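Here the structure is laid out as structure tokens; the discussion comes afterwards.
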Amino acid sequence: MKIFITAKGTDLNSKVDPRFGRADYYVIYDTETGEYTAGENPHKKGQMAVGISFAQIAIENGAKVAISGNFGPNAFEVLRAAGISMFRAKPEQSIKEAVKSFMKGELEEFKESTPREVAEKLEKELK
Amino acid sequence: MKIAVASGKGGTGKTTFSVLFARAIAPALYVDADVEEPNGGIFLKPEIVHEQDFAEPVPKIIPEKCTYCGECARACPYKAIVIIPPPAKKDLFFPELCHSCGVCAFVCPEKGALIEVPKKKGVVRVGKTQDLDFMEGILNIGEPSAVPLIRELKRKIKDYPGDVVIDAPPGTSCPVVEATEDADFVILVAEPTPFGVHDLSLVVEMIEQLSLPHAIVVNKAQEGNFIVEEYAEKKGIEVLYRIPFSEELARMYSKGNLPFDDFREGLKSLYERIKERVG
Amino acid sequence: MNAKEIVIISGKGGTGKTTITSSFVWLMHKHGEKFVIADADVDAADMHILLEPKIEYEEEFVGKSVAVIDDAECTSCDICRQLCRFDAIDIVDDTYRVNPFKCDGCTLCAIACPVKAIEMVPQVVGKWFLSSTKFGPMVHARLIPGAENSGNLVTMVKHQAHLISEKENIPYILVDGPPGIGCPVTSSISGASFVAIVVEPSFSAIHDMERATDTALHFGVPHGIIINKSGINPENEEQIKEFTKKRGIPFLGSVPFSMCVIDALVNKKIAASACSEVERKIEDIFSRILEVVNEKP
């Protein structure tokens, strides 16, 4: 299966980039073959909705899992709609370490509602 | 005559002045075009007689007809549509990014797969207080742009038979341009502080680009403080009125009241001077 | 490491937001805290008047593209003008012209033009600056008056501030946000660790504050209220405090209205540095914010 990871560099020793939409690079790691490809994030300096465009790269590459530090509300909606599970890397992990942790089931799954949903729930409770 | 009132930043007294001025020259129409934060109604306390939804078209995908080709998503200049291709076949729409431009509907190759449906983005309220007509636009939170609603307000006031006072949004960006560009005259409200003059210079730059006749009103003026007048002289712009700083006025303002009668005569003659200049 | 972003907004202008943010800057510096200053109030950037930044780098900011019609190719078919939803296409002296102020950059005319006579041309809409101040590094920007895209330039200012914070390991970013609600404020709130909403005790400010709070809530960002110019209207202040209690929004504190603050403003001095009461109140507020901000990972 393919894992999409936000990265600060283009090899497996690079650190995971904790931001999603404005990450510097991305790495796509194939757990079956152990091979990987990396690319620069073309949307990094985009004006808006970068999470949306960046998430689509994960979809286009057939990833089933995404690993980053945090997923903004737009990226979250897109990845969730595409059925891609999201996981939080541990702080300061390298790509290699993050993948290992993931395979061992040590990473926290990002299942939280988006801030928008949190806000809507709060609003309903307050009314 | 359509007179727009603008200021370089919020809090200079643009609404205070607009409301005092509109009341002084009534019968007239006061339009609150500061659709993100309309405040004029708080002081004028109009009786609202009519409320109308403001809506704009947004895309709606018909799943049975859609082939999930993704043309709409690729063409959308604001990334408001996401199409996840087969086998997943999902479509996502981000309303806060949509500008209702119509590109998606235009490029969709499958007839009837993407239609446009109206989405409420705000409201226009119309009312009256004594002999002053009142109109305001209120933009829903999260809407990316105030401009379409301001354009709608302008459409509604276009054929108004009397004078119109347009209370423009603060600042110098698009919404302000939209609110002021068709005015016959623009009054710039400024406060006599270094900030006030700096911000005034930005809005002057914008107004000059639009080639609109304009003049300055100083609000919260202090005795012996003429930094706005000094700037105005350098730029060759007239200062037509000074509202002195007054704690009493500040206190009244904070209670949602204004001393309309105190300013009636002064502002009426200001109106006459503007009328002369517009010709 | 992700820097903590503290954003200060107000529902409208004139509540004294910049006065408060600059006082925060002064106080944080006095406490030896390291932070990057981001002036995101790009329509009317006032912080630089008080902080006197020395510009070390500047870059033009290219905003949205606008449509431009090639006269030579145009056949006057009128399709573009009929399709444009922004009333941006006029006929001037028998020539079709796009009004760059009204053009939204949506590309519909360019797509629809049967002879491909329309091109999208990127516009320079402003400049952003990397500067140094005696309090620390500062990012600020200027929009060309009349230009749009404050939201995007705000995002750029914050992005540059984050780059600096990462490079130099600076834990805090203090953002002076734009007034009002809508695109620029949304951009300033997105990604924030905390949003402080400055209000003044006037009837309209409460109404404005509700809208600002709703915006912060919409994005699920922890937020709190600061009452500035306290003392003008004790009744309204009580109302504001009740509102915060009802909504469960933390009330951070009040800063008094005084001639001292006005004099400081007129003399281009930071309020907290010139008025001891202001310094004390801001100190309280600032420690509460840091408490909340440092709670979460």
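The values are calculated or read from the model by the stated rules, or taken from the named source; none is laboratory data. This structure is a prediction, so every number in the text was calculated from the model and none was measured. Heads up, the Cβs are rebuilt from the backbone with ideal geometry, glycines too, and the neighbour counts pull from every protein chain shown.
List of remarks:
- Flag if C:F101 is more than 30 Å from C:V255 (Cβ to Cβ), within 14 Å of another protein chain (Cβ to nearest Cβ) and buried (at least 23 other Cβ atoms within 10 Å of the Cβ): no
- Residues in region C:160-209 that are at pLDDT below 75, in a helix (DSSP H, G or I) and either in contact with a strand residue (DSSP E or B) (Cβ under 8 Å, 6 or more places away or on another chain) or among the basic types (K, R) (or both): C:V185, C:A205, C:I206, C:D208, C:M209.
- Selected residue (criterion: nearest to B:E276 (Cα to Cα)) from residues of region B:190-235 that are hydroxyl-bearing (S, T, Y) and surrounded by fewer than 18 Cβ atoms within 10 Å (Cβ to Cβ): B:S211
- Pairing residues of region C:258-270 that are in contact (Cβ under 8 Å) with a residue 60 or more places away in the chain and assigned by TED's automatic domain parsing to the domain that holds C:H29 with residues that are aromatic (F, W, Y) and surrounded by 16 or more Cβ atoms within 10 Å (Cβ to Cβ), at Cβ distances under 8 Å and at least 6 apart in sequence or on separate chains, gives C:L265/B:F195; C:I270/C:W26.
- Wholly enclosed strands (runs of 3 or more DSSP E) of region B:1-70 bearing at least 2 residues surrounded by fewer than 20 Cβ atoms within 10 Å (Cβ to Cβ) and either in contact (Cβ under 8 Å) with a residue 40 or more places away in the chain or not assigned by TED's automatic domain parsing to the domain that holds B:D159 (or both): B:47-61
- Within region B:112-151, the set of residues being of a type in the set (D, E, K, R) and at pLDDT below 95 comprises B:K119, B:K120, B:K121, B:D131, B:E143, B:R151.
- First in region A:67-78 and away from chain B (no Cβ under 12 Å), second anywhere and outside any helix (DSSP H, G or I) and of a type in the set (S, T, N, Q), Cβ under 6 Å, 6 or more apart: A:S68/A:T6
- Every condition in (1) hydrophobic (A, V, I, L, M, F, W, C); (2) facing chain C (nearest Cβ under 10 Å); (3) closer than 30 Å to B:R277 by Cβ is met by B:A24 except one, and the failing one is (2).
- If you go through region A:95-127 and keep only what is part of a loop (DSSP other than H, G, I, E, B), within 14 Å of another protein chain (Cβ to nearest Cβ) and modelled with pLDDT of 50 or more, you end up with A:F110, A:E112.
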